[in-house]
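Peer 1: Here it is, the structure in full.
The values are calculated or read from the model by the stated rules, or taken from the named source; none is laboratory data. Remember, it's a predicted structure, so these values are computed and weren't measured experimentally. Note that we place each Cβ from the backbone using ideal geometry, even for glycine, and neighbour counts take in every protein chain shown.
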Amino acid sequence: MRILVIEDEVQLARHISRALTRHGHIASASYDGTDGLRAALEDSPDLVVLDLNLPGLDGLAVLSRLRQDSSPARILILTARGEVEDRVKGLKAGADDYLAKPFSLDELVARVEALGRRGATPTAADLLKVSDLQMDVQHRRVTRAGHPIALSPREFDVLQVLMQEPGRVFSRTELCERVWQRDHEYDTRTVEIFITRLRKKVDSAFTTPLIHTLRFIGYTIRGPA
C-alpha cells in the first residue's frame, strides 16, 4: 500500500515510515496538517496515519476535509491520550480506526495491514441488494434508488457484513469480529458510531429506513415488510 504518515514528531514519523517500509509498503511523511492535507489530496494514498495534534490544521480538520472531498483513503488516527472522547470525535469525523499513544510499532503495522484488507468475509456475489440499496462489492460502490452513496472504507465494510445476510441480527461483538477480524479494545460506542454514520448516508434521505436496531440485541438490514 501507499501510506502517508502525518505526524509532527519528526522522529516518530520516521520510525513509523521505516517500519511500514520494512513490511513492504511505500511510506512518506508530512510534519504538519497543512502539508499533510495537500499531500493526501494530491498523491491519493491508500491509507493515512494521522495524528490529531498537529500544527497548522489539526488532525480533525484534515480528516474532515478528506472526507468532504470523498477521499477513499483508509484513515488510522493517533490520539495522545486514547481518551474515549478523542476516539469518538475521530470516528464520527470519518476515521476507520484509532491507536492511542504510546503504542508499539508492531501493533501499528498490524492495524494498518488489517485496514488494507477488506474487513468483511469475502462473498462470491459481486452485487448485493436489499430493497433499492445496491452494493458492487468488486468496485466498492453503493447506490440507493440509483443515487451514489459515498462511504468510508470502514463504513463500507460494516454495511457489507449486514447486506450479506439481510434480516439477520448482528450483535455489536459479532460486527466487531467480522469487520475488524481480531481482538479489539473497542467499546460498544464504536459500533454505534458506524451504524449512526451509515443511517445518515443510507436512510436519512428516504422515507423507508433499511437499517434497524433491535434494542439490547443488535443491528440488521432489511427491506420493507
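Peer 1: Mind telling me which of the residues PRO148, PRO166 ends up being assigned to a loop (DSSP other than H, G, I, E, B), in the same structural domain as PHE216 (by TED's automatic domain parsing), surrounded by fewer than 18 Cβ atoms within 10 Å (Cβ to Cβ) and modelled with pLDDT of 90 or more?
Peer 2: Details: PRO148 fails: assigned to a loop (DSSP other than H, G, I, E, B).
That would be PRO166, the only listed residue that is assigned to a loop (DSSP other than H, G, I, E, B), in the same structural domain as PHE216 (by TED's automatic domain parsing), surrounded by fewer than 18 Cβ atoms within 10 Å (Cβ to Cβ) and modelled with pLDDT of 90 or more.
Peer 1: Give the residues of the stretch 140-175 that are over 14 Å from VAL130 (Cβ atoms) and of a type in the set (Asp, Glu), sorted by residue number.
Peer 2: GLU155, ASP157, GLU174
Peer 1: Tell me, which strands (runs of 3 or more DSSP E) lie completely within the stretch 4-113 with 1 or more residues that are over 19 Å from ARG197 (Cβ atoms) and in contact (Cβ under 8 Å) with a residue 60 or more places away in the chain? Spell out how you get there, then give the answer.
Peer 2: Working: elements: 26-30, 47-51, 74-79, 97-100.
Output list reads 47-51, 74-79.
Peer 1: Can you find a residue that is crowded, with 19+ Cβ neighbours inside 10 Å and modelled with pLDDT of 90 or more anywhere in the stretch 79-94?
Peer 2: Scanning the stretch 79-94 turns up no residue that is crowded, with 19+ Cβ neighbours inside 10 Å and modelled with pLDDT of 90 or more.
Peer 1: Check the stretch 19-36 and report whether any residue there is closer than 19 Å to GLU155 by Cα, among the small types (Gly, Ala, Ser), in contact with a Leu (Cβ under 8 Å, 6 or more places away or on another chain) and surrounded by 15 or more Cβ atoms within 10 Å (Cβ to Cβ). Can you show your working first?
Peer 2: Quick first cut of the stretch 19-36, residues closer than 19 Å to GLU155 by Cα only: none.
Within the stretch 19-36 (the criterion being closer than 19 Å to GLU155 by Cα, among the small types (Gly, Ala, Ser), in contact with a Leu (Cβ under 8 Å, 6 or more places away or on another chain) and surrounded by 15 or more Cβ atoms within 10 Å (Cβ to Cβ)), the answer is no, since none of the residues qualifies.
Peer 1: Restricting the search to the stretch 122-163, which residues are on the phi > 0 side of the Ramachandran plot and over 14 Å from the mean Cα position of the chain (by Cα)?
Peer 2: Filtering the stretch 122-163 down to residues on the phi > 0 side of the Ramachandran plot leaves 131, 140, 145-146.
Listed by number, the residues that qualify are SER131, ALA145, GLY146.
Peer 1: To continue, here is another question. Is it the case that some residue within the stretch 13-26 is of a type in the set (S, T, N, Q), in the same structural domain as GLY90 (by TED's automatic domain parsing) and out of contact with any strand residue (DSSP E or B) (no Cβ under 8 Å at 6 or more places or on another chain)? Show your work before the answer.
Peer 2: Narrowing the stretch 13-26 to residues of a type in the set (S, T, N, Q): 17, 21.
From the residues that got through so far, the ones that are in the same structural domain as GLY90 (by TED's automatic domain parsing) too are 17, 21.
Those left that are additionally out of contact with any strand residue (DSSP E or B) (no Cβ under 8 Å at 6 or more places or on another chain): none.
No - not one qualifying residue is present in the stretch 13-26.
Peer 1: Of everything in the stretch 188-225 that's part of a loop (DSSP other than H, G, I, E, B) and among the hydrophobic types (A, V, I, L, M, F, W, C), which residue is surrounded by the most Cβ atoms within 10 Å (Cβ to Cβ)?
Peer 2: The first filter runs over the stretch 188-225 and keeps only residues part of a loop (DSSP other than H, G, I, E, B), leaving 203-210, 215-217, 222-225.
Those still in the list that are among the hydrophobic types (A, V, I, L, M, F, W, C) too: 205-206, 210, 216-217, 225.
Details: ALA205: 11, PHE206: 14, LEU210: 23, PHE216: 6, ILE217: 11, ALA225: 3.
Across the stretch 188-225, the extreme among qualifying residues is LEU210.
Peer 1: Pull up the stretch 177-225, narrow it to residues that are modelled with pLDDT of 85 or more and among the acidic types (Asp, Glu), then point me to the one that is farthest from VAL142 (Cα to Cα).
Peer 2: Applying the filter and picking the extreme gives GLU192.
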